[in-house]
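The values are calculated or read from the model by the stated rules, or taken from the named source; none is laboratory data. Note that the structure is a prediction, hence the values are computed from the model and not measured. No Cβ is skipped: glycine too gets one built from the backbone with ideal geometry, and neighbour counts run over all protein chains shown. In case anyone asks, the SASA skips ligands and DNA or RNA and just uses the protein heavy atoms, side chains included. Shrake-Rupley method; radii C 1.70, N 1.55, O 1.52, S 1.80 Å.
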Amino acid sequence: QVQLVESGGGLVQAGGSLRLSCTASRNIFRVYAMGWYRQAPGKEREMVALIRVGYSSTYAESVKGRFTISRDTGKNTVYLQMNNLKPEDTAVYYCYYNENRGVDVWGQGTQVTVSS
(Lines give C-alpha, C1' and ligand atoms only; values in the text may rest on other atoms or scores of the structure.)
Protein backbone atom coordinates (compact mmCIF):
# COMPACT_ATOMS: atom_id res chain seq x y z
CA GLN A 1 0.00 0.00 0.00
CA VAL A 2 1.17 3.51 -0.77
CA GLN A 3 2.66 5.53 2.09
CA LEU A 4 1.92 9.22 2.46
CA VAL A 5 4.22 11.60 4.31
CA GLU A 6 2.87 15.02 5.22
CA SER A 7 4.72 18.10 6.33
CA GLY A 8 4.30 21.84 6.66
CA GLY A 9 1.81 22.29 9.45
CA GLY A 10 2.35 24.61 12.36
CA LEU A 11 1.22 27.68 14.25
CA VAL A 12 0.57 30.91 12.38
CA GLN A 13 -1.20 34.18 13.06
CA ALA A 14 -4.40 35.08 11.28
CA GLY A 15 -3.62 36.45 7.84
CA GLY A 16 -0.49 34.37 7.54
CA SER A 17 0.41 31.56 5.16
CA LEU A 18 1.49 27.95 5.28
CA ARG A 19 2.26 25.35 2.65
CA LEU A 20 1.47 21.72 3.26
CA SER A 21 3.22 18.92 1.38
CA CYS A 22 2.24 15.31 0.90
CA THR A 23 4.74 12.95 -0.69
CA ALA A 24 3.64 9.53 -1.89
CA SER A 25 5.85 6.46 -1.93
CA ARG A 26 4.99 5.75 -5.56
CA ASN A 27 4.49 7.64 -8.80
CA ILE A 28 1.37 9.80 -8.77
CA PHE A 29 1.13 10.61 -12.47
CA ARG A 30 -1.88 8.36 -13.10
CA VAL A 31 -3.44 8.50 -9.65
CA TYR A 32 -7.17 9.18 -9.84
CA ALA A 33 -7.35 11.61 -6.92
CA MET A 34 -5.17 13.29 -4.36
CA GLY A 35 -5.87 16.14 -2.07
CA TRP A 36 -6.51 17.41 1.41
CA TYR A 37 -9.19 17.01 4.03
CA ARG A 38 -9.32 18.53 7.50
CA GLN A 39 -10.93 17.79 10.81
CA ALA A 40 -11.45 20.33 13.58
CA PRO A 41 -12.19 19.27 17.17
CA GLY A 42 -15.77 18.10 17.52
CA LYS A 43 -16.42 18.29 13.79
CA GLU A 44 -16.55 15.82 10.94
CA ARG A 45 -13.73 15.49 8.46
CA GLU A 46 -14.34 17.72 5.44
CA MET A 47 -12.85 18.04 1.99
CA VAL A 48 -10.60 21.06 1.55
CA ALA A 49 -9.13 20.62 -1.94
CA LEU A 50 -8.86 17.81 -4.48
CA ILE A 51 -7.09 17.13 -7.74
CA ARG A 52 -8.84 14.43 -9.79
CA VAL A 53 -8.14 13.04 -13.23
CA GLY A 54 -10.57 14.57 -15.72
CA TYR A 55 -11.77 17.31 -13.39
CA SER A 56 -10.71 20.80 -12.47
CA SER A 57 -9.34 21.22 -8.98
CA THR A 58 -12.11 21.25 -6.40
CA TYR A 59 -12.21 23.44 -3.31
CA ALA A 60 -14.42 23.84 -0.29
CA GLU A 61 -16.38 27.09 -0.48
CA SER A 62 -14.76 28.29 2.72
CA VAL A 63 -11.25 28.21 1.24
CA LYS A 64 -11.84 29.34 -2.34
CA GLY A 65 -9.62 32.24 -3.26
CA ARG A 66 -7.30 31.57 -0.32
CA PHE A 67 -6.01 28.02 -0.81
CA THR A 68 -4.39 26.52 -3.90
CA ILE A 69 -3.74 22.85 -4.54
CA SER A 70 -1.01 21.73 -6.91
CA ARG A 71 1.09 18.69 -7.64
CA ASP A 72 4.60 17.91 -8.80
CA THR A 73 4.56 14.48 -10.43
CA GLY A 74 8.36 14.45 -10.61
CA LYS A 75 8.47 14.59 -6.81
CA ASN A 76 5.31 12.53 -6.25
CA THR A 77 4.09 15.40 -4.11
CA VAL A 78 0.87 17.33 -3.70
CA TYR A 79 0.92 20.77 -2.13
CA LEU A 80 -1.65 22.95 -0.43
CA GLN A 81 -0.73 26.61 -0.37
CA MET A 82 -2.82 28.31 2.30
CA ASN A 83 -2.95 32.11 2.35
CA ASN A 84 -4.89 34.57 4.47
CA LEU A 85 -5.43 31.92 7.11
CA LYS A 86 -8.25 32.35 9.57
CA PRO A 87 -8.77 30.90 13.05
CA GLU A 88 -11.55 28.72 11.64
CA ASP A 89 -8.95 27.00 9.45
CA THR A 90 -7.49 25.45 12.60
CA ALA A 91 -7.66 21.68 12.22
CA VAL A 92 -5.69 18.53 11.56
CA TYR A 93 -5.10 18.35 7.83
CA TYR A 94 -4.98 14.92 6.19
CA CYS A 95 -3.54 14.01 2.84
CA TYR A 96 -5.93 11.94 0.73
CA TYR A 97 -5.05 9.44 -1.99
CA ASN A 98 -7.20 7.28 -4.19
CA GLU A 99 -5.34 5.47 -6.93
CA ASN A 100 -8.10 4.14 -9.17
CA ARG A 101 -11.46 4.94 -7.54
CA GLY A 102 -10.87 2.17 -5.07
CA VAL A 103 -9.61 2.27 -1.52
CA ASP A 104 -9.07 5.63 0.15
CA VAL A 105 -5.65 6.08 1.73
CA TRP A 106 -4.92 8.74 4.36
CA GLY A 107 -1.82 10.39 5.69
CA GLN A 108 -1.09 10.62 9.39
CA GLY A 109 -2.29 14.21 9.62
CA THR A 110 -0.57 17.49 10.32
CA GLN A 111 -1.80 20.13 12.76
CA VAL A 112 -2.52 23.64 11.54
CA THR A 113 -3.28 26.21 14.23
CA VAL A 114 -4.23 29.78 13.38
CA SER A 115 -4.21 32.27 16.22
CA SER A 116 -6.37 35.37 16.23
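Computed quantities for the displayed model
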read-out: Percent accessible area from carbon and sulfur atoms, the range 12-106, protein chains only, probe 1.4 Å; value: 45 percent
read-out: Solvent-accessible area per residue, Å², over the chain with all protein chains present [probe radius 1.4 Å]; value: 54 Å²
read-out: Gyration tensor (alpha-carbon) shape descriptor, the chain, a/c threshold 1.5; value: prolate
read-out: Mean projection area, nm², convex hull over Cα of the range 38-93; value: 4.5 nm²
read-out: Vicinal HN-Hα couplings computed from phi for the range 93-101 (Karplus, 6.51 cos²θ - 1.76 cosθ + 1.60; Hz; Gly/Pro x); value: 9, 10, 6, 10, 9, 9, 6, 8, 6
read-out: Residue list for the range 1-43, given a label point 7 angstrom along the Cα-to-Cβ vector of TYR55 and an amide N cut-off under 18 Å; value: 29-38
read-out: Where a label projected 7 Å from the Cα of LYS43 along Cα→Cβ would reach, residues of the range 4-36 with amide N under 16 Å; value: 14-15, 36
read-out: Whole-number percent relative contact order across the chain, with pairs defined as alpha carbons under 8 Å at least 6 apart; value: 36 percent
read-out: Integer Hz, Karplus 6.51/-1.76/1.60 couplings in order for the range 60-70, x for Gly and Pro; value: 5, 4, 5, 10, 4, x, 10, 10, 9, 9, 8
read-out: Hits among lysines - C-alpha to C-alpha of LYS43 under 30 Å, sequence gap 8 or more where chains match; value: LYS64, LYS86
read-out: Computed label-point distance, nm, for sites THR113 and SER62 using a 7 Å Cα→Cβ extension; value: 1.9 nm
read-out: Selection of trypsin sites (Lys or Arg not before Pro), the range 1-79, meeting DSSP coil and at most 16 other Cβ within 10 Å; value: ARG26, ARG30, LYS43, ARG45, LYS64, ARG66, LYS75
